[in-house]
Amino acid sequence: MSHREYGKNRKPRRLLVTGGAGFIGANFVHYWSARYASDRLVILDALTYAGNRNNLRELEGRENFRFVQGNICDRHLVDILLKEEAIDTIAHFAAESHVDRSILGPAAFIETNVIGTFTLLEAFRQHWQSQQNPEEYRFLHVSTDEVYGSLGPDEPAFTETSPYAPNSPYSASKAGSDHLARAYFHTYGVPTLITNCSNNYGPYHFPEKLIPLMCINMLLGKPLPVYGDGQNIRDWLYVTDHCRALDAVIHGGKPGETYNIGGNNQVKNIDLVRTLCKIMDEMAPNLPVRPCEQLIVFVKDRPGHDRRYAIDATKIKTELGWMPSVTLEEGLRRTVEWYLKHEDWWKPLLSEEYQAYYRKVYA
Ligand code: NAD
Ligand code: DAU
């Protein structure tokens, strides 16, 4: 089932996309510009280690596209962009997003995820309050299922009313930002929408995360490090399906509401890695080591490692007609193919800085 058609009879929107040079943000910008060509897309991204302007290269120079390198904590810059570009919609992706990095250095997570989100909300509140007809204005806060904590093997999946129980500095900082987005609706009426999504995968995914890390290590013939006993479960969603869900929420979501988004694909890490190995063996013409499964090694566990995430996406399905459209097998094949074809994208990311990070986590 495809989600509803929002393209007909709609007034073009003017979006500020924060974090649009990152993994999901870039996929969202490509998705949106293909679907809503008349919309204005202004990207605000600090280009941290995770941001990559090349992710948006094909859109540079288009009339409706503008890239601004800057920080979401810079209130003056945010105020200027909201006004100058007459922004009516913020799609807020910018964040420090990697759990392992939040364990090594949590300060940046508080700064960007909490203070940065607060800065955007405060700027948008004033901007929205100064408009004559702000009915269509929206602030989409893109968040994560990790705010709900960890599930036992038989516990039901997270719903929108599951209690918050974040376990890492990353998820705690995202929880803080969710609470701020919620409070801005309840206190000031700012039309915020919150989405809590499960693990994404697909093109432009930075190599530090499980799926791209495994793909790249297979291509290089390097060990495939599985944390702990490999029995942790994640609920995987192909990134374009996440973008479709965000589209549905921006157009059809009710301000002040939260929507859970998930792939209904609960898989143990070790099973996911084995599946990826098989796909890579089949699809890659030249591999330094084959079969890839030989490369799997179990390494020291992540501190405080959440055991299981699972999302109950009933609300977005019934209220907004969204369902995932890409199966896990198909999504993994598309992803492997993308990494096979885009060595020029990922090779430069394996910089000295990245190697230093890698040594710290995997030493
Ligand atoms: P990412 O790390 O790939 O990208 C983050 C982007 O934000 C980068 O382009 C970076 O340069 C930018 N950024 C960081 N700090 C900034 C700042 N202070 N000012 C401006 N830009 C800044 O992250 P992602 O995986 O694309 O995640 C995007 C959002 O989706 C995050 O909010 C994350 O919490 C959420 N999310 C991610 C997943 C997932 O599986 N990756 C799942 C659910 C929710
Ligand atoms: O659930 C949504 C979240 O998914 C997002 O909010 C985060 O931004 C995103 O990074 C992701 O968090 P995870 O910690 O689940 O993703 P990661 O890819 O880091 O790890 C996925 C699982 O694989 C997790 O159980 C840890 C494990 N893992 C990860 C790496 C990098 C390994 O076993 N080995 C590894 O080398």
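The values are calculated or read from the model by the stated rules, or taken from the named source; none is laboratory data. Since this is a predicted model, take the numbers as computed values, not measurements. Heads up, the Cβs are rebuilt from the backbone with ideal geometry, glycines too, and the neighbour counts pull from every protein chain shown. Accessible surface areas use protein heavy atoms only, side chains included; no ligands, DNA or RNA. Shrake-Rupley method; radii C 1.70, N 1.55, O 1.52, S 1.80 Å.
Which whole-number percentage describes the relative contact order of region 257-363, with Cα contacts under 8 Å and a sequence gap of 6 or more? Provide the component values of the computation, followed by the final result.
Details: 52 pairs, mean separation 40.5, N = 107.
Computed over region 257-363, the figure is 38 percent.
If you build a Gaussian network model of the chain, linking Cα atoms that sit under 10 Å apart, which residue out of L295, L120, L44 swings the most?
So, out of L295, L120, L44, the one fluctuating most is L295.
At S351 and A34, where each label point lies 7 Å from the Cα along Cα→Cβ, what is the point-to-point distance in nanometres?
Modelled inter-label distance: 2.9 nm.
Can you tell me the dipole magnitude for region 237-342 around its Cα centre, using point charges on the Cβ only (Lys, Arg +1; Asp, Glu -1), in Debye to the nearest 20? Kindly include the intermediate steps, with their values, before the conclusion.
Working: 15 positive and 14 negative charges, 43 e Å.
Taking the Cα centre of region 237-342 as origin, the dipole is about 200 debye.
Let me have the 222 nm mean residue ellipticity of the chain computed from DSSP H runs of 4+ only, each contributing -39500 (n - 2.57), with the sum over all residues rounded to the nearest 500. Numbers along the way, then the final one.
On the way: 12 runs with 138 residues, N = 363.
Computed ellipticity for the chain at 222 nm equals -11500 deg cm²/dmol.
Show which lysines lie in cross-link reach of K360 when reach means a straight Cα distance below 21 angstrom and same-chain residues fewer than eight apart are skipped.
K360 reaches K209, K222, K300, K347.
Quote the relative contact order of region 135-212 in percent (integer), defining contacts as alpha-carbon pairs under 8 Å separated by 6+ residues.
On the way: 79 pairs, mean separation 31.6, N = 78.
About 40 percent, as a whole number.
Would you mind getting the accessible area per residue of region 300-341, heavy atoms of the protein chains only, 1.4 Å probe, in Å²? Intermediate results must be reported in sequence, preceding the final value.
Working: 1980 Å² over 42 residues.
I get 47 Å² per residue for region 300-341.
What percentage of all Cα-Cα pairs in the chain are separated by more than 26 Å? Spell out each step's value before the answer.
Numbers: 32044 of 65703 pairs.
Counting every Cα pair in the chain, those more than 26 Å apart make up 49 percent.
Sort 277-283, 311-317 by packing, meaning the average of other beta carbons within 10 Å per residue, with the highest value first.
Result, highest mean Cβ count within 10 Å first: 311-317, 277-283.
Got a sec? What order do F124, F93 fall in by accessible area at 1.4 Å, biggest, i.e. largest, first? Mind dumping the intermediate values first?
Details: F124 0, F93 30 Å².
Sorted descending by solvent-accessible area, the residues read F93, F124.
Report the net charge of residues surrounding V361, where surrounding means a beta-carbon distance below 11 angstrom and charges are Lys +1, Arg +1, Asp -1, Glu -1. Please report the intermediate quantities before stating the final value.
Numbers: positive: R101, K300, R302, R359, K360; negative: D100, E208.
Combined, the nearby Lys, Arg, Asp and Glu give +3.
Per residue, how much accessible area does region 124-227 have with a 1.4 Å probe, in Å²? Walk me through the numbers on the way to the answer.
Working: 3750 Å² over 104 residues.
On a per-residue basis, region 124-227 sits at 36 Å².
Considering amide H positions built from the backbone, and no H for Pro or chain starts, which residues 5 or more places from I43, or on another chain, come under 5 Å of its amide H?
Residues meeting the criterion, in which the H sits 1.01 Å from N, are V17, R66, F67, V68.
Where Lys and Arg each count +1 and Asp and Glu each count -1, what net charge lies around N54 among other residues with Cβ under 11 Å from its Cβ? The partial results should precede the final answer.
Numbers: positive: R53, R57; negative: E58, E60, D344.
Here the charged neighbours net out to -1.
How much accessible area per residue does region 33-118 have, in Å², with a 1.4 Å probe? Could the numbers behind the result be given before it?
Working: 3840 Å² over 86 residues.
That works out to 45 Å² per residue.
Output the antiparallel fraction of DSSP beta bridges having both residues in the chain, as a percent to the nearest 5.
On the way: 3 of 39 bridges.
Beta bridges within the chain, antiparallel portion: roughly 10 percent.
Which residues among region 272-291 fall inside the zone where the amide N is under 11 Å from a point 7 Å beyond the Cα of K222, along Cα→Cβ?
Label zone hits: none.
Within 10 Å, count the other beta carbons around each residue, average over each peptide in 21-30, 107-116, 152-161, 49-58, and list them highest first. Walk me through the intermediate numbers first.
Numbers: 21-30: 24.8, 107-116: 19.2, 152-161: 12.6, 49-58: 17.3.
Packing order, densest peptide first, comes out as 21-30, 107-116, 49-58, 152-161.
Just the number, please: carbon plus sulfur as a percent of the accessible area of the chain, 1.4 Å probe, no ligands or DNA/RNA counted.
Working: 7650 of 15150 Å².
Roughly 51 percent of what the probe reaches on the chain is carbon or sulfur.
What percent do you get for the relative contact order of region 170-315 when only Cα pairs under 8 Å and 6+ apart count? Could you put the intermediate results ahead of the total?
Working: 215 pairs, mean separation 49.1, N = 146.
Answer for region 170-315 is 34 percent.
Could you tell me which residue out of Q231, T327, A86 lies farthest along the dipole of the chain toward its positive end? Charges go on the beta carbon: Lys and Arg +1, Asp and Glu -1, centred on the Cα centre.
Farthest towards the positive pole: A86.
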